[in-house]
Each structure stands twice: as structure tokens, then as C-alpha cells.
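Data block below; observations after.
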Amino acid sequence: MAKFELKLPKMGESVAEATITSWLKEVGDTIEADEAVLEIATDKVDSEVPSEVDGVLVEKLFDVDDVVQVGQTIAVIETEASAEVSAPNVEINTPTPEPIAPKPVEPAAVKEAAERVVAAQATVATPIVSNGDRFYSPLVRNIASKEGISQTELDTVPGTGKDGRVTKNDIKAYLKSRATQMPVEEVNIPAPKVESKAVKTSVSKAEIPKQEVAKSATPVVTAPGDEIIEMTRMGKLIAKHMVDSVQTSAHVQSFIEADVTNIWNWRKNNKDNFKEREGENLTFTPIFMEAVAKALKDFPLMNISVEGDKIIKKRDINLGMAAALPDGNLIVPVIKYADQLNLYGMAKRVNDLASRARENKLNPDDIQGGTYTVTNVGTFGSIMGTPIINQPQVGILALGAIRKVPAVIEGAEGDYVGIRYRMFLSHSYDHRVVNGALGGQFVKAVKDYLEAWDINREI
């Protein structure tokens, strides 16, 4: 008999770790090659880790909610082979160790009092157990016991794991912030007026973790018959990304209306032939994506990111395409090198990403590296929107619904009113680095490309 080490495979560029969300096999179970052993999650994509051999699972090295680095051994499988084997060499992205933040300088009295509170908590601590509402892994329970965190206190720690579970990172983040979270009024310490001001400054609202600020908000009052729905793991991540984006970027918007009558008629004349030839639909999305890619080439300072006080101008144009998931959440797969694709290639890429997004089959690489994002709010009937920027990008374009409306048309013999197909383009951009002129010129360029569409174009 031999032992095979099942390792966390490389999942894509810049993905260095994943969280175990569930084990699909237990110790003693028989496993076939290519059969899924466990489920993992990165920032947005859930996926399975299959076995590369036939055998029996003899050891699990990590628990649910543990964070595993790429290349680490997750489990051991016993095989029929005569020699010990292991997974093929895996390219490991070893993340740079996170620097330990220096502890904040506290007044001696507050520090001493805080230590007394922690010591008191450790003295009266009772064994940490999971209950019907929350599950705690052995690792989390051990950390809580070691640090003197009581059952009641642990139950208040926000969890970002599956079904709201508290992960190792959650409890470590809580421990880092716990000293500054100590309410001064709970520790009755006489101090001069000047020192009192210093104490208040050290626990100002700006320094309180976001989850603690959220707790101080007006509580929601529930009534009989109200239904409480737990947010999904992805829902929590999306909510955090949205709040972080609003707190990071100074959002402003520019709006413009485009006449897409030629595009409407062109698609109507070509969609059936495309469907018959390629076996898939010809949508408006690849047309819009092509126009955006061209506009980004014209205005490269919209294809940037901000890091501190530096602007990083991206070489490649990688367009994010917001797509709906079966559970109602949104994900943003990325069309790499969008400016290098012809319309046919763009259509194939759009359909492939949209299809795999609906089937939850996107890979981590599929959502990495975006430099600008497009979202189609018109799909839901909205004529315009004010989308939130997808960090670390500086712009996002919302496509409104295409409407058949009466419009003034300029002709050689004068103006007249006719029926046209029109839509609004809503451009949100980061006013820290994109001024109104650039933001407006960019969306105007997208409009111009759409309105100049050749009705005789071939695909």
C-alpha cells in the first residue's frame, strides 16, 4: 500500500489560498480518481478538489473553515500502489507573510485595566462549544480558550465562513482589535481631564472595526410573521466589497443617450444566421463590449488603478462583465485582451463566460485581472443606473434598456420626428483620479462608436 498526498492545486493567477467549505468524503471512504473530495472557496468562486488516484481517505489535515495555501497537503489517500506517491509538482504562489501591525500606544492606566479585564475573562471562561446556531471548529475553540474568550463573547464575533461560521482569520482579526474595542466606561479609571481626552481619541469611531460600527446602528425591529434570511457567504463578500468601494472611491456619474437603431436592425438581420451557424445566440453585449474596448484605447487613463498616491496605467484591456448567478447574486467574469478580439471572438467569449457563470463553473482565473467593468441594468428593465465601482478599477459603465421612442432626426431637408431605438449609458468613475472632462469624454466616445455602427457589417 502507498500513500498519496492530495494538495491544494494552483487555481489561477494571484490566487494563493482557499478556504475549505465542506468535506465531501470522510476518513475510511473509498475514492475514485477524479471524484471530488472536498469543496473550497476563494474570494468569489466555489469549486471542488478532485482526487487524482483511486484509494481510501485515511487522513484529513484541515477542518472546515480553515485557510489552506496553494501547494499544501490537504489530505492523505491510501492507494494500491507499491511505492509512496504524491501529487505532481504544483506551482506554488507563496503569499508574502502579512506584517504584524504594531500595537497601538495606550495610556498605562487603560492598558493595565484592559489586562485586568482579559485576565478576569480568562478566569471565568467556560469550555467553548458549538450550539444549534453556530459551529466552531476545533482550531477556533482552541484559540478562544487560549486567549480567554468566553462563549458569550465568541458568539458575538462576526463570521465570514460558510453559513456565518467563525474562521481562524475572523477570530485573529477580532483579537487584534479587541484592545481598542475595550469600552473605557466599563473600566472605571480616574484620570485627569487631559488624559480623558486622549482615551476618547484612542477609541474613536474611526478606529472601531466596521462590524462594531454596524452593531451600534439602530436595531431592526421584527414583527410576528417576519422572515429572517441568513446571507450567503458570497452575499456577505459582495456586501463588504460594495461598502469598501464606496468608502474608497469618490463616486460621480455622467449620463448620455445613444441612438442604437442601426445596431438593433443589424442584429435583427444577423441573429438567425449566427444561431444556425454557431449554435448560440448573438446578443447586444459583445457589440457594447467592443465599443467600450475601443473607447478605452482612446482614453487609456480610464484603464487604470490607484495604489496609495500612485496611478497604475494598465497595459492590457480586460473587461469585466457583470453576470447574474442562479442564487440572485452577481459575479464579474473577465474578458481578457478585449481590444484584440474581433466581434466574432467577442461574441464567443461573452457567451462562454455567461453560460459558465449561470452553471457555477467559472474558474478563479475567469474573474481575475479586470481593468474596467460593464454592467447591463437594462436586462432588468432599468433605463439607467448608478453602479458602484469594482475595486481596484476606477470606472464602470451601466447599460440601460433599449427603448423605442420618438426622436428628432436631422435630415438634409430639415428636422423631422421619427421612431428610433435609444438607450442611456451611465458612467460611474472615481473622482480622485478621473475628472468630469475625462469621464464625460470617455462615455461620449462609447456613444459615438455605437451610433457609427455599419448596418452592412459582416460577422
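The values are calculated or read from the model by the stated rules, or taken from the named source; none is laboratory data. Since the model is a prediction, treat every value here as computed from it, not as a measurement. For neighbour counting, all protein chains shown are included, and Cβ atoms are generated from backbone atoms with ideal geometry for every residue, glycine included.
Where strands (runs of 3 or more DSSP E) fall entirely within segment 15-65, those with at least 1 residues that are farther than 17 Å from T167 by Cα and of a type outside the set (V, I, T) are at 36-41, 46-50, 55-60. Note on segment 332-347: residues that are touching a strand residue (DSSP E or B) at 6+ places or on another chain (Cβ under 8 Å) and part of a loop (DSSP other than H, G, I, E, B) total 3.
Scanning segment 136-168 for residues that are outside any loop (DSSP other than H, G, I, E, B) and surrounded by fewer than 19 Cβ atoms within 10 Å (Cβ to Cβ) gives P138, L139, N142, S145, K146, Q151, T152, E153, D163, G164, K168.
Beta carbons closer than 6 Å, at least 6 apart along the sequence or on distinct chains, pair a first residue in segment 400-414 that is closer than 28 Å to M289 by Cβ with a second that is of a type in the set (G, A, S) for G400/G378; A401/G378; A401/G381; I409/G418.
Of all the numbered requirements in (1) closer than 22 Å to A239 by Cβ; (2) at pLDDT 90 or above, G418 misses one, and that requirement is (1).
So which residues in segment 238-282 are under 25 Å from the mean Cα position of the chain (by Cα) and aliphatic (A, V, I, L, M), if there are any at all? I238, A239, M242, V243, V246, A250, V252, listed by residue number. Taken over segment 240-262, residues that are out of contact with any Leu (no Cβ under 6 Å at 6 or more places or on another chain), in contact (Cβ under 8 Å) with a residue 40 or more places away in the chain and among the β-branched types (V, I, T) amount to 4.
What number of residues in segment 296-331 are part of a helix (DSSP H, G or I) and in contact with a Leu (Cβ under 9 Å, 6 or more places away or on another chain)? Break it down into steps so the answer makes sense when it comes.
Taking segment 296-331 first, the residues part of a helix (DSSP H, G or I) are 296-298, 300-302.
From the residues that got through so far, the ones that are in contact with a Leu (Cβ under 9 Å, 6 or more places away or on another chain) too are 296, 301-302.
Count: 3.
Does T375 fit the bill of being under 20 Å from A295 (Cα atoms) and out of contact with any helix residue (DSSP H, G or I) (no Cβ under 6 Å at 6 or more places or on another chain)? So T375 fits the description; yes.
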